[in-house]
Structures are given as structure tokens and as C-alpha cells.
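Worksheet: one structure, shown below.
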Amino acid sequence: MKILIVYSSKNGVTKKCAEMLAGELAECHTATLVDCRKENIPLPADFDVVVIGSSVRMENIDRRVRKYVKDNLSALNSMPCAIYLCCGFTRLFSEYAEALFPRRFQPSLGAHLFGGELKPEKVRGFDKLVVASMRNSIQTQDFEEDDRDHHDLPEIIPENISLLATEINAIDKR
């Protein structure tokens, strides 16, 4: 199968997740990775499966990702398709997945949280200040042991990447 993995990555986390997914699919499939911030995105019709990934920055996904989904909505809804998000506030994943994509977009392989990173040493400029502030706000919160809203610092979640790879691999067996 030919798989298109479209992603937008400002600081490299979403790209790293795209590469991890492509690596898990490489044994059985041809995966094409496209950074929509730097390259033109091929049409979905040229592929058997499309996976779309974006970081969430300032409570938004990249405008190019949103435009690609909007421009190709019919094709994406009629084929195996998935989205994944990388974000610092992982507890907000469900809200982001629902609110940041067009309402009529129904990825058949679902929405997946691939985690995120808050590493100020990996970013520059104003982003460094924002990431450090987010990281500090999480680390300095005083949580009770049974606090449901408590979340540790975000990390990439390899198990979730593997789960999506397994779902894609299962398409061949249908």
C-alpha cells in the first residue's frame, strides 16, 4: 500500500512522530512523508491511506493542514484516513481533535494523540519563553494524588504510534 503522511512541525516533534510512524510501516508499505510547511502536498487520490499530523500551537493547528483537509474533504472522507496531534497540554487532545478540523471531516481511522514535548532547550526566540512558561506551570502545580486533571510533562507516546500503524496494517487484511 502507498501511504501519505502529511505533517506540519514547527519544532520537530510532529516530524519525529511522522518518521516513527513511517518506520513502523516501512516493512510492508511505501510511506511518503510530506512537510506541508516546505513542500506541496500530493493529492489523496494518489495514495491508499492518508495520515495527517499537526502540532497544536496557541490552540490551533497549522493553517496549511486545515486548508489541505478542507480542499480534499470529500476524498479524505471516502478513504482510510487518520489524524494525529502533538500538543503540550495532552489533556485537551479530545477538544483539539474535535474543534480544530472541519466538522464534516470524519477520518475513518480516527484521531490519535502522539503526545508532545515541552523542552525549552529545543526552541528559539519567543517560543522558548512560551515553552518554559508552560513547562513551569505544569511542574509547579500542587496536585492531590487522585486529581483527575493532573498530567505530567508531555512526552511522545510510542504506543499510540504503534496502535495507528497496526490499524493501517490491518487494512491489507480486510
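The values are calculated or read from the model by the stated rules, or taken from the named source; none is laboratory data. The shown structure was predicted, so the numbers you read here are calculated from the model rather than taken from an experiment. Ideal geometry is used to build each Cβ from the backbone, glycine not excepted, and the neighbour counts take in all protein chains shown. Note: areas computed on protein heavy atoms with side chains; ligands, DNA, RNA excluded. Shrake-Rupley method; radii C 1.70, N 1.55, O 1.52, S 1.80 Å.
The calculated FRET efficiency for the pair Glu95 and Cys28, based on their C-beta separation and a Förster distance of 25 Å, comes to about 0.15. Only one residue of Asn77, Ile41, Ser55 has its Cα farthest out toward the positive end of the dipole of segment 31-87, where Lys and Arg carry +1 and Asp and Glu -1 on Cβ, and that residue is Ser55. If r is the Cβ-Cβ distance from Glu159 to Met58 and R0 is 35 Å, what FRET efficiency results, to the nearest 0.05? Efficiency, from the Cβ-Cβ distance: 0.80. Here the gap between Ala75 and Lys38, fully extended at 0.36 nm per residue and compared with their Cα-Cα distance, gives a gain of 11.0 nm.
Heavy atoms of the protein chains alone define the surface here; on that basis segment 31-111 has 52 Å² accessible area per residue at 1.4 Å probe size.
Rolling a 1.4 Å probe over the protein heavy atoms leaves Ser108 with an accessible area of roughly 80 Å². Atom-type composition of the exposed protein surface of segment 24-120 places 46 percent of the accessible area on carbon and sulfur (1.4 angstrom probe). Note that segment 1-93 shows a convex hull volume over its alpha carbon atoms of 97 Å³ per residue.
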